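Colleague: Here it is, the structure in full.
Only the coordinates and a few stated rules stand behind these numbers; no lab work does. Since we're looking at a predicted model, the values are computed, not measured. Quick reminder, even Gly has a Cβ in these numbers, built from the backbone with ideal geometry, and neighbours come from all protein chains shown.
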Amino acid sequence: MARQQSPGPPDDRAVFVISVAAELVGVHPQTLRIYERKGLVRPKRSASSNSRRYSARDIERLREIQELTGKGVNLAGVRRVMELTEQLELLGQRVAGLEAALRAQARRHRQELDAALRANRRDLVPYSSAIVLYEPQPGSRPRRT
């Protein structure tokens, strides 16, 4: 009998009930309810009993919350740190995408330059990584090579 695949990556499967999640993090279940009320964590709810179910990703987030509160950060500060961390991750992804696009564009420009040079066009002279149009001075004769 084949095992059924669950939707989504394993980190997102909500499998831990509140008591197990609390034990894994080392807090009282009421603390997890407070975190949920403050918007720090959003456990999924089971369809049948409406009970909270925590995923491995939720557990990781709860551990981060515990670490910050252990260092003296209040819950409002924890929320702000989490928001800024998420923004930082999104910006990092955006930068990575822009860098990839820039590298692709540079490759295209290099290919265009190489194609122009192969076509033996003497009016184009490569300068650094830019293309410069050579225009001879009036009255001067082009050198033959």
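Colleague: Return only the number of the condition from (1) within 16 Å of Arg37 (Cα to Cα); (2) assigned to a helix (DSSP H, G or I) that Arg53 does not satisfy.
Modeller: So Arg53 meets the others, but not (2).
Colleague: Then there's this: I'd like to verify a number: residues in region 19-33 that are surrounded by fewer than 19 Cβ atoms within 10 Å (Cβ to Cβ) and without any contact (Cβ under 8 Å) to a residue 40 or more places away in the chain, how many?
Modeller: Residues of region 19-33 that are surrounded by fewer than 19 Cβ atoms within 10 Å (Cβ to Cβ), as a first pass: 19-20, 23-24, 26-31, 33.
So of that shortlist, the ones also without any contact (Cβ under 8 Å) to a residue 40 or more places away in the chain come out as 19-20, 23-24, 27-31, 33.
Final tally of qualifying residues: 10.
Colleague: Quick check, is Arg94 free of Cβ contacts under 8 Å to residues at least 12 places away in the same chain, surrounded by fewer than 11 Cβ atoms within 10 Å (Cβ to Cβ) and either of a type in the set (Gly, Ala, Ser) or outside any loop (DSSP other than H, G, I, E, B) (or both)?
Modeller: When the stated conditions are applied, Arg94 passes them.
Colleague: Could you tell me whether Gly77 is loosely packed, with under 10 Cβ neighbours inside 10 Å and within 30 Å of Leu32 (Cα to Cα)?
Modeller: Numbers: loosely packed, with under 10 Cβ neighbours inside 10 Å: no; within 30 Å of Leu32 (Cα to Cα): yes.
No, not satisfied.
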